[in-house]
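Peer 1: Below you'll find the structure I mean.
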Amino acid sequence: MRPLDVVELAEPEEVEVLEPEEDFEQFLLPVINEMREDIAALTRERGRAHARNRGKLWEMDNMLIQIKTQVEASEESALNHLQGADGGAAPRAAPRCEKAEEKAKDASCPGR
């Protein structure tokens with residue numbers, strides 16, 4: 001780092017002083033217009049982002065409704081299948097259960 005030169009500090013730079021209207025038109029007005037354009041662009045993007053998010057939420061809601069419907073249909077199908085299988089097997093299973101119970105009683109009584 002080089003040391004500061006005292007001569008450089010002693011000599012102030014001359015700056016052109018403009019009238020307030022010229023200063024406003026040359027420097028502030030372009031900055032204000034650019035800021036307005038940025039604000040408008042951000043506002044438009046915010047609206048688009050909100051619409052995109054709303055669309056995604058709607059899509060996810062529809063998917064959840066479809067999944068719920070499929071799960072309910074699967075549950076109903078499984079219950080119907082069990083009831084159908086149980087209804088057909090019940091008349092045949094009753095005599096077999098009685099025979100199994102009789103054999104269990106016979107096996108538990110050694111004196112017979």
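The values are calculated or read from the model by the stated rules, or taken from the named source; none is laboratory data. What you see is a predicted model; the values in this text were computed from it and never measured. We place every Cβ from the backbone using ideal geometry, glycine too, and count neighbours over all the protein chains shown.
Peer 1: Please determine whether any residue of region 34-50 is surrounded by 10 or more Cβ atoms within 10 Å (Cβ to Cβ) and within 16 Å of the chain's Cα centre (by Cα).
Peer 2: Yes, there is a match, as at least one residue in region 34-50 is surrounded by 10 or more Cβ atoms within 10 Å (Cβ to Cβ) and within 16 Å of the chain's Cα centre (by Cα).
Peer 1: What are the pairs, 6+ residues apart or on separate chains, where a residue within region 6-28 that is at pLDDT 70 or above has its Cβ under 8 Å from a residue that is not aromatic (F, W, Y)?
Peer 2: Between residues of region 6-28 that are at pLDDT 70 or above and residues that are not aromatic (F, W, Y), the close pairs are Q26/L18.
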